[in-house]
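What follows is a single structure, written as structure tokens, with notes after it.
The values are calculated or read from the model by the stated rules, or taken from the named source; none is laboratory data. Bear in mind that the values here come from a model prediction, so they are computed numbers and not experimental data. Neighbour counts are summed over all protein chains in view; Cβ atoms, including those assigned to glycine, are modelled from backbone coordinates with ideal geometry. Quick note on the areas: whole protein, heavy atoms, side chains included, nothing else; ligands and nucleic acids left out. Shrake-Rupley method; radii C 1.70, N 1.55, O 1.52, S 1.80 Å.
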Amino acid sequence: MATFTQYKVYYPFVGPCDPCPPIRAKTYNTPPQLYVPVQPPGLPQYDPYTALKQGTLWPAYYSPYDGRIESKPGE
Amino acid sequence: MAHKQLTEEYYKLLHEIQAVDFVLVELNLYLDTHPSDSAIIEQYNAYAVKSKQLKEEYARRYGPLQHGDMADKPYSWPDAPWPWQV
């Protein structure tokens, strides 16, 4: 089962007259706040040290950025 | 002039201060949008007290942490290590 990531991908149309070499797979980030914009009360929390490391107190809203994704899926 | 050597204990205390202050920031942001969440307000107050204690502990042991802390004699504020050197 593919591991869950917050990145989704779409595949733009590639035509013979494209001016530049085609980018076949474009990825975009869909962080949790898109789906749960208003934070419900009583969410579980990280402990302080983990929260400091993760950058958020709420695991539900953890949205890592693993740098530019060079090898895009489906490239 | 021997520079102040920082012990393992120093970094542990600093790390804890940073963690507690980060939790305070996060809870503060949460309370901005959920002012009536009393459980979180209690947690915020608990961490606020803890943060004050930690900073007093730091000031007592290592000198002033931030502007406005009690200065020690001789006046050590401008001495090394500066925050980015720690």
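Label separation (A:TYR35 vs B:GLN66): 3.6 nm, computed from points 7 Å beyond Cα along the C-beta direction.
Using only the C-alpha atoms of region B:8-64, find the volume of their convex hull and express it per residue in Å³.
Values: hull volume 3.7 nm³, N = 57.
Enclosed volume per residue, from the Cα hull, is 65 Å³.
Rounded to the nearest whole Hz, the Karplus-based 3J(HN,Hα) values (6.51 cos²θ - 1.76 cosθ + 1.60, θ = phi - 60°) of region A:35-47 follow the sequence 8, 10, x, 9, 6, x, x, x, 6, x, 10, 6, 6, with x at glycine and proline. Ligands, DNA and RNA are left out, and with a 1.4 angstrom probe the accessible area of chain B is 71 Å² per residue.
Suppose we look only past 22 Å in the calculated P(r) of the protein assembly as shown. What percent of the Cα-Cα pairs does that tail hold?
On the way: 7948 of 12880 pairs.
So the portion of pairs separated by more than 22 Å is 62 percent.
Please name which of B:TYR58, B:ILE41, B:VAL23 has its Cα lying farthest along the dipole of region B:8-64 towards the positive end, using unit charges on Cβ (Lys, Arg +1; Asp, Glu -1) and the Cα centre as origin. Positive-end residue among those listed: B:TYR58.
For chain A, the spread of Cα coordinates along the three principal axes comes to 54, 27, 24 Å, biggest extent given first. For the protein assembly as shown, the Cβ-based charge dipole about the Cα centre amounts to some 300 debye (Lys, Arg positive; Asp, Glu negative; other atoms uncharged).
Rounded to the nearest 20, the Cβ-based charge dipole of chain B about its Cα centre (Lys and Arg +1, Asp and Glu -1) stands at 360 debye.
Nearest 100 Å² is fine: how much accessible area is buried between B and A, summed over both sides, with a 1.4 Å probe?
Numbers: alone 6660 and 6220 Å², together 11750 Å².
Rounded to the nearest hundred, the buried surface is 1100 Å².
Candidate cross-link partners of A:LYS26 among the lysines, defined by an alpha-carbon separation under 23 Å and a same-chain spacing of 8 or more, comprise A:LYS8, A:LYS72.
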